[in-house]
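Working notes for the structure below.
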Amino acid sequence: MYRLHDAGFSAYLVGGSVRDLLLDRIPKDFDVTTNARPEQIKKLFRNCLLIGRRFRLAHVRFGQEIIEVATFRAAPSSSKFSKLHQTAEHGMLLRDNVYGTLEEDAERRDFTINALYYNIADYSIVDYCGGVNDLKQKTLRIIGDPRQRYHEDPVRLLRVIRFAGKLGFQIEPTTQAPIAELTPLLKHVPAARLFDEVLKIFHSGHANEILPLLHQYNLLEQLFPQLAACLEDEQKKSIEKFLTLICQTTDARIAENRTISPGFLFAGLLWAPLQKSIQQHLQQEDNTLAIAYSMASHEVIAKQIEQITIPKRFSMMIREIWDLQNRFHKISSKYATRMITHPRFRAAYDFLLLRAQAGENIQTLAHWWQQFYEADPAERQHLLEQVPKTKKRKRKRKKPV
Ligand code: ATP
Ligand code: MG
């Protein structure tokens, strides 16, 4: 910011970083905005990369961090630029890379608390939209006409819920009123962007507060329709308990600065739909459990990626975690020792313990694996010797016709 300032440009810290600093929270990242054009920014910084086709942005590397430096942009509703903004039929914004003034830049932002600027020239906070007051009142207020702003970018429906859960803020009534009704707009959002947004929710450290809100505002129905359908069923309570545990472990890991894996997360979110689908495959067709399991896991994932992209490496992990749940039942010296060296063992094992904690009828099994996992090699051998030998089942041969 000082370099931009010294070169005669204005420079402001903006968005989540200003909001979080004013709330005495540690910002996740820092965004800078300036009247310098991307090419001008590039000239000032050696470690600068211009990115984006839709929005030209500068990424300036600063030590380990990448600071996003954006040129002021105008609000799409700003009439003088209306021709340059393209919208789809349902009002969604397709292009909005039109440069503007600082005030216009503030107006195109989503919520008042996200439209605060820290000015490096005089160390002041610039507030065009009443964000400081809303921060004090712990209020989330969308800038402009709520319906229009949600239509322009339906991801704002998810953002409002994420910030409400993460910051513990109230949603101002007119900002809140259209949410549940407009959730079908999320169908127009590319599945890959929804994947990013879902990860932001689970990386926020407050998944446990946000997930119930997503359910309450019909957003779960759009993001995870199979899960939402299971939450209508009789076993609703036990599913909710499992989801709470998944969210709590995720939040605890974030708090400890540990990584979370989207594979584990999605395996958890889709566990109830998987069980439901397995039951259907067992009932409808004359399948063995293993076949029903495999068909169900393919089906549940295939249906889910209609809404949210799941990159291949994660969908593979989901399947492996699920597959290992089934294999935990085969306790024998050959299997158990091999299982423990499986690259997904740890994730699958954590998953098993969460299922047990949520009250699934696998207490003895989970307890055995816990003992086995925590034991040293000699103790493990001893534990295996105690396992009653299971008779090998003879395979039924199909008689030739
Ligand atoms: P976080 O702490 O999650 O990073 P953030 O507010 O910084 O929160 P970002 O996604 O990093 O969120 O976006 C930075 C800023 O860009 C926001 O504060 C907001 O001003 C603006 N912004 C981001 N997404 C949108 C959007 N969909 N519509 C309007 N403005 C947006
Ligand atoms: Mg941010």
Just to confirm, what accessible area per residue do you get for the range 219-387 at 1.4 Å probe, in whole Å²? 52
What do you get for the angle between helix 289-304 and the principal long axis of the chain? Use alpha-carbon atoms, 0 to 90 degrees, nearest ten. 10
Restricting to Cα atoms and excluding each atom paired with itself, what does the Kirkwood estimate give for the range 219-387 in Å? 17.0
Over the chain, the sum of -39500 (n - 2.57) across DSSP H runs of at least four, divided by residue number and rounded to 500 deg cm²/dmol, gives at 222 nm -15000 deg cm²/dmol
Using only Cα atoms, tell me the angle between helix 363-374 and the longest principal axis of the chain; keep it within 0 to 90° and round to the nearest 10. 80
Which of the peptides 2-11, 124-133 is most tightly packed, and how do the rest follow, going by the mean number of other Cβ atoms within 10 Å of each residue? 124-133, 2-11
For the chain, the Cα gyration tensor yields equivalent-ellipsoid semi-axes (√(5λ), largest first, whole Å) of 48, 24, 20
Helix 312-327 sits at what angle to the longest principal axis of the chain, using alpha carbons and giving 0 to 90 degrees rounded to 10? 30
Taking R0 as 41 Å, what FRET efficiency do you get between A180 and K334 from their Cβ-Cβ distance, rounded to the nearest 0.05? 0.15
Got a number for carbon plus sulfur as a percent of the range 219-387's accessible area, 1.4 Å probe? 51
Going by average Cβ neighbours within 10 Å, how do the peptides 269-277, 55-63 rank, with the highest at the top? 269-277, 55-63
Cβ neighbours within 10 Å, averaged per peptide: list 108-116, 283-291 in order, most packed at the top. 108-116, 283-291
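The values are calculated or read from the model by the stated rules, or taken from the named source; none is laboratory data. Just so we're clear, the structure is a prediction, and the values are computed from it rather than from any experiment. Reconstructed Cβ throughout: ideal geometry from the backbone, glycine too, with neighbour counts over all protein chains shown. Areas reflect the complete protein model, heavy atoms only, side chains present, ligands, DNA and RNA absent. Shrake-Rupley method; radii C 1.70, N 1.55, O 1.52, S 1.80 Å.
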